[in-house]
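Trainee: Below: one structure in structure tokens.
Just so you know, all these numbers are worked out from the coordinates, no wet-lab data involved. In this text the structure is predicted, and so the values were computed from the model without any measurement. Using ideal geometry, Cβ is built from the backbone for each residue, glycine included, and neighbour counts are taken over all protein chains shown.
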Amino acid sequence: MEDQTPTRGKRRIVCLTGSKEGAGKSTVALNLALAWAGTQSRGVVIVHLDPLCRDDLSPQLGLTPPTLAELMRAGTKVTRGGTRPQVPLSQWGVGVLPLAANPEEAKRVFPGEARRELERLSLTYDLFLDVDPCSPLRRMALEISTLTFWTCLPQRAHFDAAEAALGAGGRSGAPMVLVVNQCNMPGALEAEDMTASIRRIPSSDCRWMPHERRIPELTNRGKLVVVEDPHSDWVRALRPLLGHVMES
């Protein structure tokens, strides 16, 4: 059982989100969290704020965790002498917290209560918030984050959606890094068009993740890219993102 007493060190809450589904946000979150956990002593927990409660990360880490909703419910019991459910960590020092057991329960997770629970968890763990584009908790996640990675594909619809969301006050006060995932995938925008689109998006920086054809294969086999193929160009491209996390 993991020690969940508060730990010393700088607290980090990293938000990974985007404007559209299917940009590889969860894949980036999982592998970035694994890479980050290997650099320091604090445990790392990925909190999957998906209102549909699709828990596709826990099986990849071989974990059966409680949900964020379960931890929130346990909060009042602890003050009455009860015990709080433990957050299990994998062999790589990374855990996962799904939002809730089902979408109906997820509707009863409100931003204020969720924020308090996440801030409590951040006393012990570095948090990576994997936030679905349609999550009603996204504004809260952006507000408490020390760094945000906004993930998109190299497609005009993704860039236009990012420009609309971030240009309409969607940014938080924390640094916002645009991550163009699978940047040289088949059908990607030409480099000149991508550059013009990115210039219109308000962000602190832009990072490029190359096309990695093995990601779907490894994911379908329940394998982790950063573990199975640590020398791939895609994994190497995580290093600048780690630098942003270090500075946050």
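Trainee: Name the residues in the range 57-69 that are out of contact with any helix residue (DSSP H, G or I) (no Cβ under 9 Å at 6 or more places or on another chain), crowded, with 16+ Cβ neighbours inside 10 Å, in a helix (DSSP H, G or I) and not polar (S, T, N, Q), would you?
Mentor: Listed by number, the list is empty, since nothing qualifies.
Trainee: Restricting the search to the range 101-155, which residues are among the acidic types (Asp, Glu), more than 19 Å from GLU70 (Cα to Cα) and touching a Leu at 6+ places or on another chain (Cβ under 8 Å)?
Mentor: To start, the set of residues in the range 101-155 that are among the acidic types (Asp, Glu) comprises 104-105, 113, 117, 119, 126, 130, 132, 143.
Now restrict to residues that are more than 19 Å from GLU70 (Cα to Cα): 126, 132, 143.
Residue satisfying the conditions is ASP132 alone.
Trainee: Follow-up question, since we're still on this one. Identify all residues within the range 144-174 that are in contact with a helix residue (DSSP H, G or I) (Cβ under 8 Å, 6 or more places away or on another chain) and in a helix (DSSP H, G or I); write none if there are none.
Mentor: Once the filter is applied, which keeps residues that are in contact with a helix residue (DSSP H, G or I) (Cβ under 8 Å, 6 or more places away or on another chain) and in a helix (DSSP H, G or I), the range 144-174 yields ILE144, ARG156, PHE159, ASP160, GLU163, GLY170.
Trainee: Looking at ARG213, ARG139, ARG199, ARG239 in this structure, which one is within 25 Å of PRO51 (Cα to Cα), surrounded by fewer than 16 Cβ atoms within 10 Å (Cβ to Cβ) and of a type in the set (Lys, Arg)?
Mentor: The unique qualifying residue is ARG139.
Trainee: Same structure, new question: For GLY95, state whether it is crowded, with 24+ Cβ neighbours inside 10 Å, among the small types (Gly, Ala, Ser) and more than 16 Å from GLY75 (Cβ to Cβ).
Mentor: Yes: the conditions hold for GLY95.
Trainee: Going through the range 224-248 one residue at a time, which ones are more than 24 Å from ILE13 (Cβ to Cβ) and either touching a Ser or Thr at 6+ places or on another chain (Cβ under 8 Å) or in contact (Cβ under 8 Å) with a residue 40 or more places away in the chain (or both)?
Mentor: Within the range 224-248, just VAL227 meets the criteria.
Trainee: Considering the range 41-69 alone, what residues qualify as being touching a residue at least 40 places away in the same chain (Cβ under 8 Å), polar (S, T, N, Q) and under 20 Å from SER122 (Cα atoms)?
Mentor: Passing the criteria: only SER58.
Trainee: Sort through ALA141, ALA164, ALA174 and tell me the only one that's over 25 Å from ALA33 (Cβ atoms), touching a residue at least 60 places away in the same chain (Cβ under 8 Å) and either touching a strand residue (DSSP E or B) at 6+ places or on another chain (Cβ under 8 Å) or of a type in the set (A, V, I, L, M) (or both).
Mentor: ALA164
Trainee: How many of the residues making up the range 9-56 are among the hydroxyl-bearing types (Ser, Thr, Tyr), within 29 Å of GLY167 (Cβ to Cβ) and in a loop (DSSP other than H, G, I, E, B)? Please lay out each step first, then the result.
Mentor: Step one: list which residues in the range 9-56 are among the hydroxyl-bearing types (Ser, Thr, Tyr), which gives 17, 19, 26-27, 39, 41.
Pick out the ones that are also within 29 Å of GLY167 (Cβ to Cβ) and you get 17, 19, 26-27.
Next, only the ones that are in a loop (DSSP other than H, G, I, E, B) stay: 19.
Qualifying residue count for the region: 1.
Trainee: Right, another one. State whether one or more residues within the range 72-86 are of a type in the set (A, V, I, L, M, F, W, C), crowded, with 18+ Cβ neighbours inside 10 Å and under 19 Å from the mean Cα position of the chain (by Cα).
Mentor: First pass over the range 72-86, keeping only residues of a type in the set (A, V, I, L, M, F, W, C): 72, 74, 78.
Still in the list and also crowded, with 18+ Cβ neighbours inside 10 Å: 72.
Going one step further and asking which of them are under 19 Å from the mean Cα position of the chain (by Cα), we end up with none.
Scanning the range 72-86 turns up no residue that is of a type in the set (A, V, I, L, M, F, W, C), crowded, with 18+ Cβ neighbours inside 10 Å and under 19 Å from the mean Cα position of the chain (by Cα).
Trainee: If you go through the range 89-113, how many residues are free of Cβ contacts under 8 Å to residues at least 40 places away in the same chain and aromatic (Phe, Trp, Tyr)? Give the steps one after another, and end with the answer.
Mentor: We begin by selecting, within the range 89-113, every residue free of Cβ contacts under 8 Å to residues at least 40 places away in the same chain; these are 90-91, 104, 108, 110-112.
From what is left, the residues that are aromatic (Phe, Trp, Tyr) are 110.
Adding up the residues that qualify gives 1.
Trainee: What number of residues within the range 175-230 are within 16 Å of GLN60 (Cα to Cα) and part of a loop (DSSP other than H, G, I, E, B)?
Mentor: Looking only at that region, the number is 5.
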